[in-house]
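Structure, as structure tokens:
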Amino acid sequence: MVKYFCNSTDIKSTWDHVVSAFWQRYPNPFSTHVLTEDVVYREVTTDHRLLSRRLLMKTNRLPRWAERFFPVGMSRCVYIVEDSIVDPVNRSLTTYTWNLNHTTLMSVEERCVFQDSLEQPSTTLLKREAWISSGIFGFSKPIQEFGLARFKSNQVKAMKGLEYALSNLQGETPQWLLRDTVKPPSEKAKEAAKTLASAASAPQKPQQYV
């Protein structure tokens, strides 16, 4: 069972500016959890597409109930791989990201497509999809609910970070900056967190996760 997320956003800026801002979005005040970013591979193909692979390291602030799933002293940093394809002919930027570690607790795969809008001048269409899964037997469903709630919160911050980079690139503060604050978790997500917290506090037989 996998939790699926999908949404679409109209970015009121040209595709060229969005792509430029994409490479300059870190650091920004909305993504302080991103510690490092490194390009590990880059190639321009014969059809003029730019292929890149980057490795990002982010902090992983776990809720208290999740501590029981990790050995004492285990790294709380998450390593993320980001593959991207810039297609200047079709004016699209496609990214794929996934976490390398802590995948037993939760695996998050994301796909984003930034496409130049043919119907709205100076607008870039963004479609974001995510797949969230967990390998913790007996707790995968509430963990996925929690992961989905956190992903929704983080994607709002990610958009604000991109818009911050755009404003720096354009040398002004755009009027279209998102004004939405991070929404509180849904009742379903709260209930999932309560279930996990209760389970974490209950004594259970030691388990080994690979």
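Values quoted throughout were computed directly from the atomic coordinates according to the rules given, and no laboratory measurement underlies them. Since this is a predicted model, take the numbers as computed values, not measurements. Don't worry about glycine lacking a Cβ; one is built from the backbone with ideal geometry, like all the others, and counts go over all protein chains shown.
Arranged from highest to lowest average of other beta-carbon atoms within 10 Å per residue, in what order do the peptides 84-95, 31-42 appear?
Most protected by this proxy first, the peptides run 84-95, 31-42.
Rounded to the nearest angstrom and ordered from largest down, what semi-axes does the equivalent ellipsoid of the range 2-171 get from its C-alpha gyration tensor (root of 5λ)?
30, 17, 16
For the range 108-117, in order, what is each residue's ³J(HN,Hα) by Karplus, 6.51 cos²θ - 1.76 cosθ + 1.60 with θ = phi - 60°, in whole Hz (x at glycine and Pro)?
10, 10, 10, 10, 10, 10, 9, 10, 4, 7
If you keep only loop residues by DSSP, which GluC sites (Glu not before Pro) in the range 75-138 have at most 11 other Cβ atoms within 10 Å of their Cβ?
Passing sites in the range 75-138 are Glu119.
State which entries of Lys127/Lys157; Lys12/Lys127; Lys127/Lys152; Lys12/Lys152; Lys3/Lys157 exceed 18 angstrom in Cα-Cα distance in the structure shown. Spell out each step's value before the answer.
Numbers: Lys127/Lys157 16 Å; Lys12/Lys127 14 Å; Lys127/Lys152 14 Å; Lys12/Lys152 21 Å; Lys3/Lys157 20 Å.
In this structure, Lys12/Lys152; Lys3/Lys157 exceed 18 Å between Cα atoms.
Mind listing the phi-derived Karplus ³J(HN,Hα) values for the range 144-155, rounded to whole Hz, using 6.51, -1.76 and 1.60 with θ = phi - 60°, and x for any glycine or proline?
Taking θ as phi minus 60°, the curve returns 5, 4, 5, x, 5, 4, 5, 4, 4, 5, 5, 6 Hz for the range 144-155.
Please list, in order along the range 123-133, the HN-Hα scalar couplings obtained from phi with the Karplus expression 6.51 cos²θ - 1.76 cosθ + 1.60 (θ = phi - 60°), rounded to whole Hz, x for Gly and Pro.
Values, residue by residue: 10, 10, 8, 10, 10, 10, 10, 8, 10, 10, 9 Hz.
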